[in-house]
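Trainee: The structure that follows is given in the form of structure tokens.
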Amino acid sequence: MRKVKLFLTVCFFLVLYGCGIKKTSLPPERGITINTLTEEGAWCWFADPRALHYQNEQGSINSSYIGYIDVHGSIKATQINHLTDCKTEVLIRSCFQPDDHNNPTFLMLPDERIMIFYSRHTDESCFYYRISREPGDITTLGKEMRLETDHNTTYPSPFILSDDPEHIYLCWRGIGWHPTIARLTLPDEEDRVTFDWGPHQIVRSLKGAAGVRPYAKYASNGKNRIYLAYTTTHPDNQSENWIYLNSIDIHSHELSDIRGEKLSQIGTPPLHEVDITPQYREQHPFAVADSTPVRNWIWELVLDQEERPVIAMVGINESKTSHDYYQVRWTGSQWKKTFLSNAGGHFHQSPDIEKCYSGGMTIDKDDPQVIYGSLPVKGKHGTIYELVKFNVAPDGGVSSAEQLTFDSPANNIRPYAIDGLKATASLVWMQGNYYDWIVSAERPEGFPTAIRTGISLQGNSRNPEKGLLYQQSYEESSLMEDTIRLTASKAFTLTMNISLPAEAAGEIIRFAGLTYVIPDEDMPRPYLTDGRSRFESSNILARSDSWKSHGRATNGKWYTPEKLRKFRLAISYEEGTLRTYIDGLLDQSVPIEDLILREVVADHSKRVIEKISVYNRRLSQDEIKMLH
């Protein structure tokens, strides 16, 4: 029996290492359960954490938050409340630069509110952020804020460490396209933060063409130190691209190698200069994690329980046609490199660009000896990138490899394992065709992928007829009432199909003492008013679809938004919270006490509302999406 198992294992790896995984005899039911977070979402892999899990000691919060951006420039996130099994998709920012480098990242603040960072790809000197009003609940996001810098901002990676709980440490690709760090104040009463140390460039790379770009991944020990693993430059720029590992002490601001030898003082010249030379490796042998002379790139950095770095990396050949996955980990005395699998070539549908784009890898945060990778597998839909779980033996080598997805209709790519969730249930990933990282005239399809997950999602009961008090379509009758009188209700939902020609802006509907208004502006932000207070959305009623007619570039321009002329509006109320939804996405969450719905008033002379439904209960977001 032991010989049979050994023979089967050897056969499996021979197939695996040849050119991705060929279809095995494992039945599809052996794979993981796949659920959908959104049909429109994508991310790059350098801005992290792109997903976060948080569970407090009191047991009042147990939620996961997953962020992404879609081809319309909408930055979004799904919140999964594991206590209630409720899933909510939130519109963080509409009409942004439609570029998958701009996915949001998350930070749990000391008061348990959630801070979300995002920025444009290289071409704007600021970060944007929003902070939840309530602990652990991104459905209550406050207004959008800006954090100004004097240089480019891409890939925000935020940290709070226990030795300095009064500050935020933010790392990104910034000054001179290099790894950059700064310390921020915690949000004040108006949610404003400021730099109080930095920004400072961390290192300087000497090799590469003009505009050399080291790519960095960050991890912290949660206490006093931030680690970074980074490359010499982009692997497209040169055929030899090393990987370095340093750490930053937040007290002394010293940059050190893996053995704690000081390399430089951050914020004080000179910068530590990295190079691809035997001389550099001889001078700083413990600052280099891998110097294999190929197009190395990095996918993730994690610390194990002994605070030893573990890196997921890929080695790409000269012609960029063959990608090999590796785990590289520090044993305490040396770097141990383990070959996982050949991963084919680039995964996407555009053959002449970004040939260093692998299917992707992620490390299990609970057990860094587990790596998840995206590999080409021949199935009933042809050769598709599927997810595979690798277990690395403590002494090196792969002890097992298990295929997780089977016969998928489209590629499963860029997986991410969420810290705090166990095993394959922590996985989220992109699925679908992929043409480019930005929407442009060259490739207007951009990145039309969905976000799938192994997280168990409890299906909400859906009964869109329950509680229906009134329904009317304009097409059905020219006698739609301007005033709809109803039995008083303390919980309600209004759903509407809106057709908004340019001259029809203004008051859309009045209900329960409130008015929903779309201002007649070039960049209209809808708002609710009770005649005294105004509750304005942070989002413009528009999309970034006009980018499809412009050249492929990160040039700092904001192209004219395409206003929504048709959209679906839903307004719900229950237990002191009013929520508005635009095309099924949560747009606003407004705390208002003691609303009672008795009538709904609409100016149908403008023929703005094509259909309206009124319910005497709060509909779930799933029901709202299903209705439309």
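The values are calculated or read from the model by the stated rules, or taken from the named source; none is laboratory data. Only a predicted model underlies this, so the values are computations on that prediction, with no experimental measurement involved. Counting neighbours? That spans all protein chains shown, and the Cβs are built from the backbone with ideal geometry, glycine included.
Trainee: Checking the condition buried (at least 20 other Cβ atoms within 10 Å of the Cβ), closer than 23 Å to residue 411 by Cβ and of a type in the set (Lys, Arg), which residue from 76, 87 passes?
Mentor: From the options 76, 87, the qualifying one is 76.
Trainee: Filter segment 262-292 down to residues that are more than 32 Å from the chain's Cα centre (by Cα) and over 19 Å from residue 201 (Cα atoms), then give me how many there are.
Mentor: Final tally of qualifying residues: 11.
Trainee: Taking the options 546, 538, name whichever one is closer than 30 Å to residue 437 by Cα and in a helix (DSSP H, G or I).
Mentor: 546
Trainee: Specify the residue that is surrounded by the most Cβ atoms within 10 Å (Cβ to Cβ); the eligible residues are those in segment 397-438 that are closer than 14 Å to residue 349 by Cβ and among the hydrophobic types (A, V, I, L, M, F, W, C).
Mentor: Going through the qualifying residues, I end up with 430.
Trainee: List the residue pairs whose Cβ atoms are under 6 Å apart, where the first residue sits in segment 71-91 and is on the phi > 0 side of the Ramachandran plot, the second is buried (at least 17 other Cβ atoms within 10 Å of the Cβ) and part of a loop (DSSP other than H, G, I, E, B), and the two are 6 or more positions apart or on different chains.
Mentor: 73/95; 73/96; 73/98; 73/544
A quick yes/no check of all residues on (1) at pLDDT below 95; (2) in a loop (DSSP other than H, G, I, E, B); (3) under 30 Å from residue 562 (Cα atoms):
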| site | (1), (2), (3) |
| --- | --- |
| 58 | no, yes, no |
| 77 | no, no, yes |
| 80 | no, no, no |
| 84 | yes, yes, no |
| 95 | no, yes, yes |
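Trainee: Within segment 29-41, can one find any residue that is assigned by TED's automatic domain parsing to the domain that holds residue 109, farther than 15 Å from residue 585 by Cα, of a type in the set (Lys, Arg) and in contact with a strand residue (DSSP E or B) (Cβ under 6 Å, 6 or more places away or on another chain)?
Mentor: no
Here's the yes/no breakdown for (1) closer than 18 Å to residue 90 by Cα; (2) assigned by TED's automatic domain parsing to the domain that holds residue 131; (3) touching a Cys at 6+ places or on another chain (Cβ under 8 Å); (4) touching a residue at least 24 places away in the same chain (Cβ under 8 Å):
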| residue | (1), (2), (3), (4) |
| --- | --- |
| 553 | no, no, no, yes |
| 559 | no, no, no, no |
| 567 | yes, no, no, yes |
| 579 | yes, no, no, yes |
| 586 | yes, no, no, yes |
| 597 | no, no, no, yes |
| 616 | no, no, no, yes |
| 621 | yes, no, no, yes |
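Trainee: Give 393, 401, 441 a once-over and let me know the one that is touching a His at 6+ places or on another chain (Cβ under 7 Å) and over 23 Å from residue 38 (Cβ atoms).
Mentor: 441
Trainee: For the condition within 14 Å of the chain's Cα centre (by Cα) and among the acidic types (Asp, Glu), what is the one hit in 112, 57, 40?
Mentor: 40
Trainee: Turning to a different aspect of this structure: Scanning segment 138-160 for residues that are part of a strand (DSSP E or B) and without any contact (Cβ under 8 Å) to a residue 60 or more places away in the chain, which turns out surrounded by the fewest Cβ atoms within 10 Å (Cβ to Cβ)?
Mentor: For segment 138-160, the residue satisfying everything is 148.
Trainee: Name the strands (runs of 3 or more DSSP E) wholly inside segment 317-408 in which the number of residues that are over 30 Å from residue 442 (Cα atoms) and in contact (Cβ under 8 Å) with a residue 12 or more places away in the chain is 3 or more.
Mentor: In segment 317-408, the matching strands (runs of 3 or more DSSP E) lie at 323-330, 335-342, 370-379, 382-392, 398-403.
This table checks each residue for (1) at pLDDT below 50; (2) surrounded by 14 or more Cβ atoms within 10 Å (Cβ to Cβ); (3) more than 28 Å from residue 154 (Cβ to Cβ).
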| site | (1), (2), (3) |
| --- | --- |
| 10 | yes, no, yes |
| 34 | no, yes, yes |
| 37 | no, yes, no |
| 46 | no, yes, no |
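Trainee: If I filter segment 140-147 for residues that are within 18 Å of the chain's Cα centre (by Cα), of a type outside the set (Lys, Arg) and modelled with pLDDT under 95, do I get at least one hit?
Mentor: For segment 140-147, residues within 18 Å of the chain's Cα centre (by Cα), of a type outside the set (Lys, Arg) and modelled with pLDDT under 95: absent.
Trainee: Do we find that residue 431 is among the polar types (S, T, N, Q), closer than 30 Å to residue 561 by Cβ and assigned by TED's automatic domain parsing to the domain that holds residue 360 in this structure?
Mentor: Here the answer is yes, as residue 431 does meet what is asked.
Trainee: Looking for something touching a Gly at 6+ places or on another chain (Cβ under 8 Å) and surrounded by 14 or more Cβ atoms within 10 Å (Cβ to Cβ) - is there at least one such residue anywhere in segment 450-458?
Mentor: Yes.
Trainee: Go over the candidates 424, 405, 383 one by one and state the one that is touching a Gly at 6+ places or on another chain (Cβ under 9 Å), of a type in the set (S, T, N, Q) and farther than 23 Å from residue 66 by Cβ.
Mentor: Answer to the selection: 383.
Trainee: Can you tell me which residues in segment 233-288 are surrounded by fewer than 17 Cβ atoms within 10 Å (Cβ to Cβ), free of Cβ contacts under 8 Å to residues at least 12 places away in the same chain and not in a loop (DSSP other than H, G, I, E, B)?
Mentor: Within segment 233-288, 262, 278, 279, 281, 282, 283 meet the criteria.
Trainee: Has segment 212-219 got any residue that is part of a loop (DSSP other than H, G, I, E, B) and surrounded by fewer than 18 Cβ atoms within 10 Å (Cβ to Cβ)?
Mentor: no
Trainee: Return the residue satisfying two criteria in turn: it lies in segment 561-571 and is within 30 Å of residue 436 (Cα to Cα) and surrounded by 12 or more Cβ atoms within 10 Å (Cβ to Cβ), and of such residues it is farthest from the chain's Cα centre (by Cα).
Mentor: 565
Trainee: A further question on this structure: Report yes if residue 130 is assigned to a strand (DSSP E or B) and either small (Gly, Ala, Ser) or surrounded by fewer than 17 Cβ atoms within 10 Å (Cβ to Cβ) (or both), otherwise no.
Mentor: The answer is no for residue 130.
Trainee: Return yes when residue 91 is modelled with pLDDT of 95 or more, assigned by TED's automatic domain parsing to the domain that holds residue 413, among the aliphatic types (A, V, I, L, M) and touching a strand residue (DSSP E or B) at 6+ places or on another chain (Cβ under 9 Å) and no when it is not.
Mentor: The answer is yes for residue 91.
Trainee: So, in segment 439-448, of the ones that are touching an Asp or Glu at 6+ places or on another chain (Cβ under 7 Å) and crowded, with 21+ Cβ neighbours inside 10 Å, which residue ends up nearest to residue 548 (Cα to Cα)?
Mentor: My answer is 446.
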